[in-house]
Amino acid sequence: MTFSRIRRPEIGSVALSAIAAAYLLLATNNSFWAHAECYFGTSKAGLLLFGAALFLALFSILIPLSVKYLMKPALIFLIVVSASTSYFADVFGVIIDRDMIGNAAVTTPAEASHLLTGSLAQHLVVYALVPSLIVAWVKIRHRRFLPKFIVNFLFVTVALFAAGGLIYSNFATFAYVLREHTDLMKRFNPTGPLVAAARYGLSTYRERNLVVQPLGTDAHQGGRIAHVGKPVVVVVVAGETARAMNFSLDGYGRETNPELKALGVVNYPNTTSCGTATAVSLPCMFSVYPRAEYSDWKARSTENLVNVLTHAGVSVSWWDNNTGSKGIADLISFASMTKQKNSPLCRKGECLDEIFLEELDRKLGATTGNSVIVLHQLGSHGPSYYLRYPEAFRRFTPDCRTPELMRCTTAEIINAYDNTILYTDHVLASVAKLLEKHQDRLAGAMIYMSDHGESLGENGIYLHGAPYAIAPKEQTQVPFVAWFSKPYQAAMGVDTGCLAKQSDQPRSHDNLFHTVLGMMDVETKIYNRALDTFASCTRPDKRKARPGFHAVDSQSIADPASRGALTHG
């Protein structure tokens, strides 16, 4: 018998909708059910009723799609979406929410390539390709329009009433679980990712005609910096995916920060991030808004730290070895380090972070005015941790040598990650040493904060990007380090001994904006001294302050009446 003579099986549209709903519910929601079982606890009956209600609800959604010429493409689309997102949910424990969709939208080809693995291909073949081919192959029986409308209406009505009855019968349990665990339905395929994508699309559309409001146009450099007698240079290092618990400066058992320790840096072990992904944390770090008030819309519609520094006459440059500045550096000098094609530090569109150093040395040698240089690291970005450090820093072995973390032991993953931290330690120490090298003609300082942390398998979670409300501390506790050259300490009145005594106080990304303004002696009404990490350990300038200048109190930014243009959006 030839293949052409094989008779295609026939199935009714309602029956296929039911089978597709069951498949999506059971085959592409392993992570969802694992969390649901945990959240429902001992209420097994409640979990079963919840599952039945979900099946009926999903079935009622698929029934209206059972239209000729629409049903097969719609089902295949939903199967592919569910299969794709279920891989990342099952393997890495991530939630595909709006922020995660935003991260994916700005991911570079080089970064994305680390996730395109053989395991993903195998998963897609089994859970997406095979069922999609089956849907494409079968012959669907469709009724004529009016009978089909009546039948579909009846099935949808019965399914919704039945789902409502199941929910009503155990409403207290359902309400408690969904209220206390708001992440649960975000994990459900395919509705969770599709809703997240729609929300991201709407927010992007809303920002098409966004007008950025000016901020800190009154900013100017104060009297102290005017009398230094040499350029003041602050290097701000925006770290990537470094978690505080793996910094030996923060008490980690392994020595991952030998070079920074030798330099005697000031370290802040109790620092929290604004978000759990770069697309959120990085703009928030440079925003005037504290995390409690921050939103993507506010950040995009208001100028940020680098703009205020520019208003004050400070030369600001952004050097990027990551996926861009997320809009922060749109109005200042920007350079992508990954564009260098002939450097031994670069391959396949990614560069090791030492790529900054040679250019920084040249920049410092030619600097003639007060400057801030932002270095946006590639840092410890996963899952290909082994590509983030050179062979010389492969100190902790055996290390995981693949982006498919499930093929490595926990110890191998941690070894690879710790090597990235060891390498970051070297890069940061090298930045400080370059500032020290040029201290005869510059007064230099360095401040480092990571954008977010990373999960390395704790509780079955990997990578980052968890919703902040349920994010583990591994993703929200970040390192914060500062170093000051002797000329900078003398000129700007910084007492590092005093800073060391206060280093255990809680800090966060909220501090960066005002701390850098303070480091550059920028005076403006939006400066909040209470959020300047170094202000209480900076000796007062005996020269007369500029008439009319005042620093706002700790609540003025939170008061809409005091923000003026900041209330836009």
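The values are calculated or read from the model by the stated rules, or taken from the named source; none is laboratory data. Bear in mind the structure is a predicted one, so any value in this text is a computation, not a measurement. Quick reminder, even Gly has a Cβ in these numbers, built from the backbone with ideal geometry, and neighbours come from all protein chains shown.
Yes/no per residue for (1) of a type outside the set (A, V, I, L, M, F, W, C); (2) touching a residue at least 24 places away in the same chain (Cβ under 8 Å):
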| residue | (1), (2) |
| --- | --- |
| Tyr176 | yes, no |
| Glu180 | yes, yes |
| Met185 | no, no |
| Leu202 | no, no |
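Scanning the range 1-31 for residues that are more than 26 Å from Tyr69 (Cα to Cα), modelled with pLDDT under 95 and buried (at least 19 other Cβ atoms within 10 Å of the Cβ) yields a single hit, Ser31.
Looking only at the range 67-85, decide whether some residue is on the phi > 0 side of the Ramachandran plot, surrounded by fewer than 18 Cβ atoms within 10 Å (Cβ to Cβ) and not assigned by TED's automatic domain parsing to the domain that holds Ser295. Yes - at least one qualifying residue is present in the range 67-85. Taking the criterion of being over 11 Å from Ser60 (Cβ atoms) and in a helix (DSSP H, G or I), the residues of the range 142-153 that qualify are Phe145, Leu146, Pro147, Lys148, Phe149, Ile150, Val151.
For the range 346-360, filtered to residues that are of a type outside the set (Asp, Glu) and in contact (Cβ under 8 Å) with a residue 12 or more places away in the chain, the residue that is surrounded by the most Cβ atoms within 10 Å (Cβ to Cβ) is Phe356. If the condition is being of a type in the set (S, T, N, Q) and free of Cβ contacts under 8 Å to residues at least 40 places away in the same chain, then the range 232-280 contributes only Ser248.
For the range 171-209, a residue qualifies if it is loosely packed, with under 15 Cβ neighbours inside 10 Å and either touching a helix residue (DSSP H, G or I) at 6+ places or on another chain (Cβ under 6 Å) or among the charged types (D, E, K, R) (or both), and the qualifying residues are Arg179, Glu180, Arg206, Glu207, Arg208.
Within the range 210-254, take every residue that is crowded, with 19+ Cβ neighbours inside 10 Å and of a type in the set (Val, Ile, Thr) and give me the one that is farthest from Glu474 (Cα to Cα). For the range 210-254, the residue satisfying everything is Ile225.
Looking at Val211, Val236, just one residue is assigned to a strand (DSSP E or B) and either at pLDDT below 90 or not assigned by TED's automatic domain parsing to the domain that holds Glu111 (or both), and that residue is Val236.
Quick check: anything in the range 469-485 in a helix (DSSP H, G or I), of a type in the set (Ser, Thr, Tyr) and surrounded by 17 or more Cβ atoms within 10 Å (Cβ to Cβ)? Break it down stepwise before answering.
Applying the first criterion (in a helix (DSSP H, G or I)) to the range 469-485 yields 469-470, 473-476.
When the remaining residues are screened for being of a type in the set (Ser, Thr, Tyr), the result is 476.
Then keep just the ones that are surrounded by 17 or more Cβ atoms within 10 Å (Cβ to Cβ); that gives 476.
Yes, the range 469-485 has at least one match.
Has the range 389-396 got any residue that is assigned to a helix (DSSP H, G or I) and touching a Phe, Trp or Tyr at 6+ places or on another chain (Cβ under 8 Å)?
First, pick out the residues of the range 389-396 that are assigned to a helix (DSSP H, G or I): 391-393.
Retained after the next criterion (residues that are touching a Phe, Trp or Tyr at 6+ places or on another chain (Cβ under 8 Å)): 393.
Checking the range 389-396: at least one residue is assigned to a helix (DSSP H, G or I) and touching a Phe, Trp or Tyr at 6+ places or on another chain (Cβ under 8 Å).
Name the single residue, out of those in the range 292-301 being under 18 Å from Asn103 (Cβ atoms) and either among the acidic types (Asp, Glu) or not in a helix (DSSP H, G or I) (or both), that is modelled with the highest pLDDT.
Initially, the range 292-301 is screened for residues under 18 Å from Asn103 (Cβ atoms), giving 294-297, 299-300.
Narrowing the set further to residues that are either among the acidic types (Asp, Glu) or not in a helix (DSSP H, G or I) (or both) leaves 294-296.
Working: Tyr294: 95, Ser295: 91, Asp296: 89.
The qualifying residue modelled with the highest pLDDT is Tyr294.
Among what's in the range 375-390 and is aliphatic (A, V, I, L, M) and surrounded by 24 or more Cβ atoms within 10 Å (Cβ to Cβ), pick the residue that is farthest from the chain's Cα centre (by Cα).
Within the range 375-390, the subset aliphatic (A, V, I, L, M) is 375, 378, 387.
Of the ones still in play, those that are also surrounded by 24 or more Cβ atoms within 10 Å (Cβ to Cβ) are 375, 378.
On the way: Leu375: 17, Leu378: 13 Å.
Out of the qualifying residues, it is Leu375.
For the range 487-520: of the residues being polar (S, T, N, Q) and in a helix (DSSP H, G or I), which is nearest to Ala292 (Cα to Cα)? It would help to see each step written out before you state the result.
Step one: of the range 487-520, the residues polar (S, T, N, Q) are 489, 496, 502-503, 505, 508, 511, 515.
Cutting the leftovers down to in a helix (DSSP H, G or I) gives us 489, 496, 511, 515.
On the way: Gln489: 33, Thr496: 30, Asn511: 13, Thr515: 18 Å.
Residue satisfying both the conditions and the ranking: Asn511.
Only a single criterion out of (1) within 28 Å of Ser336 (Cα to Cα); (2) surrounded by fewer than 19 Cβ atoms within 10 Å (Cβ to Cβ) is not satisfied by Met100, namely (2). The single residue among Leu160, Leu120 that is in a helix (DSSP H, G or I), under 43 Å from the mean Cα position of the chain (by Cα) and touching a residue at least 60 places away in the same chain (Cβ under 8 Å) turns out to be Leu160.
Residues in the range 412-432 that are of a type in the set (D, E, K, R), in contact (Cβ under 8 Å) with a residue 24 or more places away in the chain and surrounded by fewer than 23 Cβ atoms within 10 Å (Cβ to Cβ): none. Residues of the range 391-411 that are polar (S, T, N, Q) and surrounded by 14 or more Cβ atoms within 10 Å (Cβ to Cβ): Thr402 alone.
Using the structure shown, decide if Thr217 is outside any helix (DSSP H, G or I), at pLDDT 95 or above, in the same structural domain as Arg300 (by TED's automatic domain parsing) and not acidic (Asp, Glu). No.
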